[in-house]
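*Asks:* Pasting a structure here, questions to come.
The values are calculated or read from the model by the stated rules, or taken from the named source; none is laboratory data. Given the structure is predicted, the values throughout are model-derived calculations rather than measurements. FYI the Cβ positions are ideal-geometry reconstructions off the backbone, even for glycines, and counts take in every protein chain you see.
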Ligand SMILES: [Zn+2]
């Protein structure tokens with residue numbers, strides 16, 4: 001399951017991918033209506049045809065942009081009057097250059113500018129983390145491009161709403177922050193079609209759908225839960241008959257759309273509100289990560305977003321890093337005294353033994369922590385590294401989340417590399 005989902009999921013967070021989920025089979029264009037077509041790539045590309053030219057919505061990752069363009073231009077090669085970007089993640093903007101013609105207008109929500117600058121500003125930080133989370137090689141990172149080093153392709157930026165008519169077809173664009181602050185929804189009232197980007201991460205996996213990534217395990221700013229909820233409400237208020245997602249299949253029928261989006265929205269609201277109520281009652285973040293469980297009635301899995309990570313994302317999004325413990329105010333990390341604890345315990349081997357006992361007792365996280373303590377004292381200790389690998393493998397056995405699995409594999413790889421270098 002995890003392997004099958006890898007390519008599909010890897011694109012929901014803006015990471016360029018090497019192959020699409022359906023790389024084995026030739027991709028075929030999907031007709032949504034007489035005027036709307038979809039190239040079902042790792043990130044879907046949409047073509048809306050009008051009597052005065054075409055509108056392209058999202059452009060796929062760079063690795064698939066050519067294929068998407070070929071599929072859609074086979075349907076219509078009329079001039080591209082507009083490119084609309086639902087958001088600035090790499091898997092949606094990789095084909096801008098292919099579609100752009102001399103008079104093409106490119107539209108994005110204004111927060112696009114900061115989003116792409118944020119990604120470029122921290123490229124050296126994100127690149128290795130993305131590679132771990134999604135199991136692909138670390139790409140080359142150039143010299144720092146500065147705070148505002150991104151290429152800004154859009155020619156039209158809007159704040160709340162932007163409208164235009166082309167060939168008699170009305171396009172209404174709404175700011176709908178969610179997975180990113182620059183997310184927009186394209187509403188075509190004539191067809192009752194809403195294109196909502198990744199705000200319902202309809203990633204083409206079978207039901208149950210996954211809880212979203214309010215916080216992505218690679219390091220991101222927490223995603224604004226309350227904005228995300230409002231944005232889904234904005235989409236629902238339009239009463240669409242068809243919802244087209246950035247990933248995965250369209251959703252047809254107002255009833256089905258309402259059922260799916262409302263469930264997703266309510267789950268975000270539940271996790272947000274339980275976190276905030278817990279914060280207000282003085283509970284710490286770890287307690288809330290353990291306590292807050294999504295009721296089964298939501299029927300959402302955690303294969304992509306995890307509730308506990310989202311709880312921490314919401315908590316830290318509101319409170320930042322300070323946890324109220326006076327010890328946390330200082331530059332020295334707690335690990336600075338780990339070697340003293342190892343000495344007290346009688347050496348790294350003893351701590352490694354205790355880690356194995358924890359593992360035997362069904363406490364793999366505690367085992368992992370103990371190896372952190374022992375490695376702070378002796379980073380190449382063989383018993384500790386072996387215990388660590390066992391703890392990570394044990395966590396993998398019960399892991400249902402794709403991103404978590406990527407990090408566990410990374411931990412195993414690193415420990416094995418250290419052992420091999422001894
Ligand atoms: Zn995406």
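*Asks:* Anything in the stretch 154-187 that is closer than 28 Å to residue 221 by Cβ, touching a strand residue (DSSP E or B) at 6+ places or on another chain (Cβ under 6 Å) and not in a strand (DSSP E or B)? List them, or say none.
*Replies:* Matches in the stretch 154-187: 154, 155, 160, 176, 182.
*Asks:* For residue 354, which of the numbered conditions (1) assigned to a helix (DSSP H, G or I); (2) closer than 30 Å to residue 213 by Cα; (3) touching a helix residue (DSSP H, G or I) at 6+ places or on another chain (Cβ under 8 Å) fails to hold?
*Replies:* Status for residue 354: all satisfied but (2).
*Asks:* Report, by residue number, each residue of the stretch 118-153 that is closer than 18 Å to residue 95 by Cα and free of Cβ contacts under 8 Å to residues at least 60 places away in the same chain. Even if it seems obvious, please write down each step before you answer.
*Replies:* Restricting attention to the stretch 118-153, the residues satisfying the condition of being closer than 18 Å to residue 95 by Cα are 119-120, 150-153.
Matches in the stretch 118-153: 120, 150, 151, 152.
*Asks:* Mind checking which residues of the stretch 137-172 are crowded, with 18+ Cβ neighbours inside 10 Å and farther than 19 Å from residue 103 by Cβ?
*Replies:* 150, the sole residue that qualifies.
*Asks:* Can you name every residue in the stretch 308-327 that is out of contact with any helix residue (DSSP H, G or I) (no Cβ under 9 Å at 6 or more places or on another chain) and part of a helix (DSSP H, G or I)?
*Replies:* Answer for the stretch 308-327, where residues must be out of contact with any helix residue (DSSP H, G or I) (no Cβ under 9 Å at 6 or more places or on another chain) and part of a helix (DSSP H, G or I): just 326.
*Asks:* How many residues are within 16 Å of the ligand (Cβ to nearest atom) and in a loop (DSSP other than H, G, I, E, B) if we restrict to the stretch 218-238?
*Replies:* Qualifying residue count for the region: 3.
*Asks:* Taking residue 275, is it modelled with pLDDT of 95 or more and surrounded by 15 or more Cβ atoms within 10 Å (Cβ to Cβ)?
*Replies:* yes
*Asks:* Hey, another quick one. So which helices (runs of 4 or more DSSP H) are wholly in the stretch 1-113 and hold at least 1 residues that are more than 16 Å from the ligand (Cβ to nearest atom) and either at pLDDT below 90 or over 24 Å from residue 402 (Cβ atoms) (or both)?
*Replies:* Passing ranges, in order: 2-10, 62-75, 96-99.
*Asks:* Taking the residues in the stretch 239-254 that are away from the ligand (no atom under 16 Å from the Cβ) and surrounded by 19 or more Cβ atoms within 10 Å (Cβ to Cβ) as candidates, determine which candidate is farthest from residue 269 (Cα to Cα). Full working, then the answer.
*Replies:* Filtering the stretch 239-254 for residues away from the ligand (no atom under 16 Å from the Cβ) gives 239-242, 251-254.
Next, only the ones that are surrounded by 19 or more Cβ atoms within 10 Å (Cβ to Cβ) stay: 240, 242, 251.
On the way: 240: 22, 242: 24, 251: 22 Å.
Going through the qualifying residues, I end up with 242.
*Asks:* Right, something else. Which condition breaks for residue 151 when tested against (1) modelled with pLDDT of 95 or more; (2) in a helix (DSSP H, G or I)?
*Replies:* All conditions are met except number (2).
*Asks:* Could I ask something else about it? Taking only pairs six or more apart or across chains, which ones have beta-carbon atoms under 7 Å, a first residue in the stretch 245-257 that is closer than 15 Å to residue 37 by Cα, and a second residue that is more than 16 Å from the ligand (Cβ to nearest atom)?
*Replies:* Correct list of pairs: 250/32; 250/242; 251/257; 251/260; 252/242.
*Asks:* Just checking, does the stretch 121-134 include any residue being within 28 Å of residue 36 (Cα to Cα), more than 16 Å from the ligand (Cβ to nearest atom) and not in a helix (DSSP H, G or I)?
*Replies:* No, because not a single residue in the stretch 121-134 is within 28 Å of residue 36 (Cα to Cα), more than 16 Å from the ligand (Cβ to nearest atom) and not in a helix (DSSP H, G or I).
*Asks:* Please give the number of the condition residue 289 fails out of (1) surrounded by fewer than 18 Cβ atoms within 10 Å (Cβ to Cβ); (2) farther than 19 Å from residue 228 by Cβ; (3) modelled with pLDDT of 95 or more.
*Replies:* The failed condition is (1).
*Asks:* Only one of these is within 33 Å of the chain's Cα centre (by Cα) and either in contact (Cβ under 8 Å) with a residue 24 or more places away in the chain or within 28 Å of residue 399 (Cα to Cα) (or both): 363, 353. Name it. Explain how you work it out, then say what you get.
*Replies:* Details: 353 fails: within 33 Å of the chain's Cα centre (by Cα).
On inspection, the qualifying residue turns out to be 363.
*Asks:* Select, from 267, 190, 194, the only residue that is in a strand (DSSP E or B) and at pLDDT 95 or above.
*Replies:* Numbers: 267 fails: in a strand (DSSP E or B); 190 fails: in a strand (DSSP E or B).
Of 267, 190, 194, the one residue that is in a strand (DSSP E or B) and at pLDDT 95 or above is 194.
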